[in-house]
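**Student:** Sending over a structure as structure tokens; questions will come in a sec.
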Amino acid sequence: MIRLVIFLAVLLVVAGCKTEGKRPVVKIGYMLCNSEQETTQRFLPLTRYLSDKVGVDFVMVPVDTLDFEKRFKAGEFTFTHTNSLLYIVLRENEGVQIVASEKRGKFGARTAGAIIARKGSGIEKLADIRGKRLAFGPMLAPTGYLAEYDLMLAAGINPEHDLAFYSIPPGSYKHEKLIYGVLYGKYDVAAAPVLDLETMAREGKITPDDFVVLAQSKPIPYCTFAVAKGTDPALVKKVKEALLALKSADTAEVDGERLKVMKAAWIDGYEELPDSDYDPIREMAKRVNMPPYQKY
């Protein structure tokens, strides 16, 4: 009898070891920011934080903006971290649901798009950009392309006909490239996210006095966490609660080092915005004839 009890006890211990560490694996697709390396460095600590808080093994998947919808449809990831325009595309076409909105900079969970020129260039107002050289950010950038294109249309300026030309700088760090491009004379005008101007000024790369802001959009939501429709509501609830509870002192372990999650991700936390707060972006996209509402 004693041997039987010992045998059963050993079986229970072994069974416990076999189940230990076997947690569900859930993937999060992160839209690439300036590069895959930078995106990984920024958001791997956040991914590990979510794993610790939710009890799920989250895996980060860096994804190029133009490939995002295709890879989401292929089922490569369940949660998404994208800019607000790509969120709208995924919601319209794939039915994703908003989880939380990222806070960063002076506008919190929002930022704005601006059209800038170099101070002293002779370009003092928006009407002066006719016949000038303009640089846009990436085409799916809500405050580096969409908002500025909409501002020009509202002022009666058609970027397709009224500019000397416009272009999008190739490669990584497009927003910085166009701001530097205006500063050093490669372009006359640029479509600059206010958040990037704010960040570059804080880092000492530029000073606000270097530029004239010719027009600026109203603040709109920016980076957004969303989730595939049909995902376990209990899991979604836990992820939302973990994001909203994130504090500046929270850390996560990466390669044996504990890192501050918010500092690594360059963010100030998350807040819950209703989907209706994204309607101004939808209206911009319709006016500019951009996804997901393009007619041709």
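The values are calculated or read from the model by the stated rules, or taken from the named source; none is laboratory data. Computed from a predicted structure; not experimentally measured. So basically every Cβ, Gly included, is an ideal-geometry build from the backbone, and we count neighbours across all protein chains shown. To get the accessible areas, we keep the full protein, side chains included, count just its heavy atoms, and leave off ligands, DNA and RNA. Shrake-Rupley method; radii C 1.70, N 1.55, O 1.52, S 1.80 Å.
**Student:** Can you name the helices of the chain, as whole DSSP H runs, whose Cα span along the helix axis is 20 Å or more and whose Kyte-Doolittle mean is not below -0.5?
**Tutor:** Sorted by number, the helices that extend far enough and score high enough are 2-19.
**Student:** Further, regarding this structure: Which entries in K103/K125; K119/K186; K174/K263; K70/K295; K238/K263 show an alpha-carbon gap greater than 25 Å?
**Tutor:** Cα-Cα > 25 Å for K103/K125; rest within.
**Student:** A follow-up question, please. State, to one decimal in nm, how far the label point of E92 lies from the label point of S167, with both points 7 Å from Cα in the Cβ direction.
**Tutor:** So the label points at E92 and S167 sit 3.0 nm apart.
**Student:** Using a 1.4 angstrom probe, figure out how much accessible area region 125-166 has per residue, in square angstrom, rounded to the nearest whole.
**Tutor:** 40 Å²
**Student:** Tally Lys and Arg at +1 and Asp and Glu at -1 over the other residues with C-beta under 11 Å from the C-beta of V239: what net charge comes out?
**Tutor:** +2
**Student:** Same structure, new question: How far apart, in nm, are the 7 Å Cα→Cβ label points at L244 and M139?
**Tutor:** Between L244 and M139, the label points sit 3.7 nm apart.
**Student:** Moving on to the next point. Can you tally the net charge around M284? Count Lys and Arg as +1, Asp and Glu as -1, for every other residue whose Cβ sits under 12 Å from the Cβ of M284.
**Tutor:** Around M284, the charge tally is 0.
**Student:** How many percent of the accessible area of the chain is carbon or sulfur, using a 1.4 Å probe?
**Tutor:** In the chain, the share of accessible area belonging to carbon and sulfur is 54 percent.
**Student:** Right, next: Helix-only mean residue ellipticity at 222 nm, the chain, DSSP H runs n ≥ 4 weighted -39,500 (n - 2.57), per residue, nearest 500. What is it?
**Tutor:** The helix contribution divided over the chain gives -11000 deg cm²/dmol.
**Student:** Between Q41 and A234, what FRET efficiency comes out of the Förster formula 1/(1 + (r/R0)^6) with R0 = 30 Å and r the beta carbon distance, rounded to 0.05?
**Tutor:** Efficiency, from the Cβ-Cβ distance: 0.45.
**Student:** So, counting K/R as plus one and D/E as minus one, what does the shell of residues with Cβ under 11 Å around L151 add up to?
**Tutor:** 0
**Student:** Give the accessible surface of region 210-265 per residue, rounded to a whole number of Å², with probe radius 1.4 Å and ligands, DNA and RNA excluded.
**Tutor:** So region 210-265 comes to 53 Å² accessible per residue, rounded to a whole number.
**Student:** What percent of all Cα-Cα pairs in region 83-208 falls into each 10 Å bin, going from 0 up to the bin containing the maximum distance?
**Tutor:** Percent of pairs per bin, in order: 13, 42, 32, 12, 1.
**Student:** In 10 Å bins starting at 0, how do the alpha-carbon pair distances of region 98-166 split up by percent?
**Tutor:** 18, 46, 24, 11, 1
**Student:** Could you give the length gained on full extension between Y296 and E272, defined as 0.36 nm per residue of separation minus the Cα-Cα distance, in nm?
**Tutor:** Extra length from Y296 to E272 when fully extended: 5.2 nm.
**Student:** Also, I was wondering about something else. Give the residue from L66, A249, L140 lying farthest towards the positive end of the charge dipole for the chain; charges sit on Cβ (+1 for Lys and Arg, -1 for Asp and Glu) and the dipole is referred to the Cα centre.
**Tutor:** A249
**Student:** Report, to two decimal places, the Cα Rg of region 203-296 normalised by 2.2 N^0.38 Å (N = number of residues).
**Tutor:** Its radius of gyration relative to the 2.2 N^0.38 Å reference: 1.50.
**Student:** Please grab the % of Cα pairs in the chain that end up more than 27 Å from each other.
**Tutor:** Pairs farther apart than 27 Å: 46 percent.
**Student:** If each residue of separation counts as 0.36 nm, what is the full-extension length gain between E76 and K125 once their alpha-carbon separation is subtracted?
**Tutor:** 13.0 nm
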